[in-house]
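Structure, as structure tokens:
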Amino acid sequence: EEALAFAPGEPELLFRKAGFQARQGSTAQAIDTLRLAVDGGFREAERIRTDPNLDPLRGDPRFEALAARAGP
């Protein structure tokens, strides 16, 4: 949160925040935050697909759609 205060909308920070939210069980918030990251230019699809912090989101069609939008 503090880093985002200095760089609001920074895709990398949003990606990391989504991972934290997912680990905390806030899956709806994590999906929303990940959407902001992808919309903001986060295009590291492989990281989205393999980051263990995002494991709680796997299988959710919204997550899968975001991973696909991030790239091959």
### Task
Quick one: among A37, A28, A18, which has the greatest mean-square fluctuation in a GNM of the chain with alpha-carbon springs under 10 angstrom?
A28
### Task
With runs of 4+ DSSP H residues as the only contributors, calculate the mean residue ellipticity of the chain at 222 nm using -39,500 (n - 2.57) per run, divided by the residue total and rounded to the nearest 500.
-18500 deg cm²/dmol
### Query
Suppose every K and R has +1 on its Cβ and every D and E has -1 on its Cβ; what is the size of the dipole of the chain about the Cα centre, in Debye to the nearest 20?
180 debye
### Message
Counting heavy atoms of the protein chains only and a 1.4 Å probe, report the per residue accessible area for the chain as a whole number of Å².
### Response
58 Å²
### Query
Which whole-Hz ³J(HN,Hα) couplings does the stretch 57-69 yield from phi under the Karplus relation 6.51 cos²θ - 1.76 cosθ + 1.60, θ = phi - 60°, glycine and proline marked x?
8, 4, x, 6, x, 5, 5, 4, 5, 5, 4, 5, 5
### Task
At a temperature of 25 °C and a viscosity of 0.890 mPa s, determine how fast the chain diffuses translationally according to Stokes-Einstein, using the Kirkwood radius over alpha-carbon pairs as Rh; express D in µm²/s, rounded to the nearest whole number.
210 µm²/s
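The values are calculated or read from the model by the stated rules, or taken from the named source; none is laboratory data. Predicted model only: the values in this text are computed from it and were never measured. Reconstructed Cβ throughout: ideal geometry from the backbone, glycine too, with neighbour counts over all protein chains shown. Surface areas here come from the heavy atoms of the whole protein model, side chains and all, with no ligands, DNA or RNA. Shrake-Rupley method; radii C 1.70, N 1.55, O 1.52, S 1.80 Å.
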